[in-house]
Amino acid sequence: MDDCVILKDGEHGLKRNEISHQALQVLWRLDEAGYKAYLCGGGVRDLLLGRQPKDYDIATDARPEEIKKLFRNSRIIGRRFKLAHIFYRDVIIETATFRALFDAPPPEAEGIPLPSRRRTDVPDPTFATRDGVIVRDNVYGTPEEDARRRDFTINGLFYNIADGSIIDYVGGLVDLEKRVLRMIGDPETRIHEDPVRMVRAIRIAAQLDFQIEPALWDAIRRLGEDLKNSSRERMHEEVLKILNCGSAKAAFSRSWQQGLFQTIYPSFSAWLGSPEGAASFPWVKKALRQFDVWKQANLKPMPALQHALVFGPYIEARAAELAAEGVPEFEAALQAVHATLRDKSNLTQISKAIVFDVERILSLQVQMRKSSGQSRYATRLRKRNGFEEALIYLKFASGMEASRKDLLERWMAPAQTDAGGDAKGEGGKAEGGASRSEGGAKGEARTPAKGSRRRPRKGPREPKPEQT
Ligand code: ATP
Ligand code: MG
């Protein structure tokens with residue numbers, strides 16, 4: 001408590017009217033009901049930096065059941081730690097009860113749920129650890145404990161709606177000023193508790209363009225392998241956050257420098273580091289840069305398109321190897337996607353839906369190569385789910401490899417409405433191909449996932465011959 005810094009309303013840069021009205025509504029209602037109501041996490045950090053927060057999190061001393069009573073539009077979620085989601089038309093405000101800090105458990109506690117040392121009035125107040133990694137917790141605490149169990153100092157600040165003050169138990173204000181990302185507590189211990197914090201560190205530092213504090217930087221370099229203890233689903237979520245954070249390229253560079261990327265995707269990285277794959281490094285960086293440009297333009301690419309673009313050169317190289325061994329091209333593309341994205345050595349669990357859509361994007365490349373772009377078959381291909389993404393992939397690839405430019409031109413030519421004729425050999429070099437291409441430049445990156453819900457869950461089909 002000695003170290004607690006409080007900046008009164010007006011002594012800091014966070015203006016109440018910059019907080020979303022939904023978050024304000026939650027804060028006010030908790031406050032009026034007599035509870036502590038603090039804005040916390042990235043919302044406070046971003047507003048103090050003059051950035052638009054991605055979402056708003058609230059911390060309170062109201063228990064989840066009490067929050068539920070105050071907000072009819074809420075639902076209690078979470079198994080490990082219960083918290084309330086308060087639903088508005090287009091946002092969810094996550095509202096959590098102050099959580100306790102965990103002491104390192106005694107060695108005999110390993111794997112055994114222990115009663116909380118702090119409260120006895122909480123249902124199921126247990127936690128357990130596996131090698132120091134928290135696997136279960138459900139213990140409420142004080143605001144200070146809640147701040148200290150957070151990851152980085154700049155993420156541990158509170159904004160108190162009652163008086164408009166900023167409460168800083170962890171030195172976050174100084175670090176915001178210095179533009180430094182510092183772990184709360186000992187980096188090694190905190191990484192050991194939850195290795196995903198390393199990936200968060202890389203993303204948040206890249207996003208804010210902050211320096212990672214040397215002890216944290218050093219710990220990440222040494223402890224990268226700890227990521228193997230994290231849930232693969234959670235790792236996948238974190239990777240998606242990186243792809244969409246607006247600084248994906250910077251995050252990639254830092255994680256490559258630290259060896260984290262290599263730990264997460266060992267085979268892909270080994271290939272990128274090999275003489276054969278090194279030439280594709282610019283492709284991967286350009287793809288990540290493209291995601292940042294889309295983000296700037298407020299466009300949301302499908303995760304499958306992002307995966308196709310990042311892993312594309314590796315997948316295509318593997319497909320070429322399979323084809324050289326006699327596997328038909330289309331089949332080779334599917335096998336290569338599967339082998340790359342479902343590789344057991346990856347630390348992310350890429351969902352089946354994403355893998356399926358990547359299969360479509362890459363196998364459509366094969367189909368597009370085999371078609372003139374103007375036949376009946378081509379017309380059907382253009383209507384396929386995933387064609388839009390496949391065309392974006394082709395556009396991107398032709399920007400990287402001049403050899404694909406002819407193919408792109410063929411497919412950018414406006415599809416002839418009368419596609420009944422035999423288009424074989426005509427090349428399709430029509431003028432004014434902009435209608436589909438340029439017009440689509442915005443819409444294409446938006447690549448709505450709408451089709452994905454309706455489509456049957458079957459693998460892409462083998463291409464039929466051009467003239468069917
Ligand atoms: P953004 O929402 O901009 O991606 P954020 O910092 O708000 O960044 P969230 O995932 O929304 O990230 O988490 C909200 C807050 O919860 C964080 O600011 C941090 O205080 C805390 N937090 C999130 N993940 C962890 C973690 N793995 N360990 C400790 N604290 C965490
Ligand atoms: Mg957040």
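Details
- Residue within the range 278-288 that is polar (S, T, N, Q) and in contact with a strand residue (DSSP E or B) (Cβ under 8 Å, 6 or more places away or on another chain) present: no
- Within the range 300-342, tally of residues that are within 14 Å of Ala397 (Cα to Cα) and of a type in the set (S, T, N, Q): 1
- Evaluating Tyr169 against the criteria (1) within 16 Å of ligand 2 (Cβ to nearest atom); (2) closer than 23 Å to Arg63 by Cβ leaves one unmet condition, (1).
- Scanning the range 30-77 for residues that are surrounded by fewer than 21 Cβ atoms within 10 Å (Cβ to Cβ), away from ligand 1 (no atom under 16 Å from the Cβ) and closer than 15 Å to Tyr159 by Cα turns up Asp31, Tyr35, Lys36, Asp61.
- Here Leu70 does not qualify as aliphatic (A, V, I, L, M) and within 16 Å of ligand 2 (Cβ to nearest atom).
- For beta carbons closer than 7 Å, sequence separation of 6+ or different chains, a first residue in the range 26-45 that is assigned to a strand (DSSP E or B) and a second that is β-branched (Val, Ile, Thr) and within 11 Å of ligand 1 (Cβ to nearest atom), the qualifying pairs are Ala37/Ile58; Tyr38/Ile58; Leu39/Ile58; Cys40/Ile58.
- Answer from Arg51, Arg63 - the residue that is within 12 Å of ligand 2 (Cβ to nearest atom) and of a type in the set (Lys, Arg): Arg51
- Meets criteria (basic (Lys, Arg), more than 16 Å from ligand 1 (Cβ to nearest atom) and farther than 20 Å from Lys241 by Cβ) for Arg99: no
- If you go through the range 327-369 and keep only what is part of a loop (DSSP other than H, G, I, E, B) and of a type in the set (Gly, Ala, Ser), you end up with Ser345, Ser351.
- Checklist (1) surrounded by fewer than 22 Cβ atoms within 10 Å (Cβ to Cβ); (2) at pLDDT 90 or above applied to Val358, failing item: (1)
Yes/no per residue for (1) surrounded by fewer than 22 Cβ atoms within 10 Å (Cβ to Cβ); (2) polar (S, T, N, Q); (3) on the phi > 0 side of the Ramachandran plot; (4) in contact with a Gly (Cβ under 6 Å, 6 or more places away or on another chain):
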site	(1), (2), (3), (4)
Val196	yes, no, no, no
Gln207	yes, yes, no, no
Arg222	yes, no, no, no
Asn229	yes, yes, no, no
Cys245	yes, no, no, no
Ser253	yes, yes, no, no
Gly259	yes, no, yes, yes
Gln296	yes, yes, no, no
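- Matching residues, the range 168-192, being over 20 Å from Leu208 (Cα atoms) and either in contact with a Cys (Cβ under 7 Å, 6 or more places away or on another chain) or part of a loop (DSSP other than H, G, I, E, B) (or both): Tyr169, Gly185, Asp186
- Residues (in a loop (DSSP other than H, G, I, E, B) and either closer than 16 Å to Met198 by Cβ or more than 16 Å from ligand 1 (Cβ to nearest atom) (or both)) located in the range 223-280: Ser230, Ser231, Cys245, Gln258, Gly259, Tyr265, Ser274, Ala279, Ser280
- Top-ranked residue in the range 78-94 [being of a type in the set (A, V, I, L, M, F, W, C) and part of a strand (DSSP E or B); ranked as surrounded by the most Cβ atoms within 10 Å (Cβ to Cβ)]: Ala84
The values are calculated or read from the model by the stated rules, or taken from the named source; none is laboratory data. Given the structure is predicted, the values throughout are model-derived calculations rather than measurements. Cβ atoms come from the backbone with ideal geometry, glycine included; neighbour counts cover every protein chain shown.
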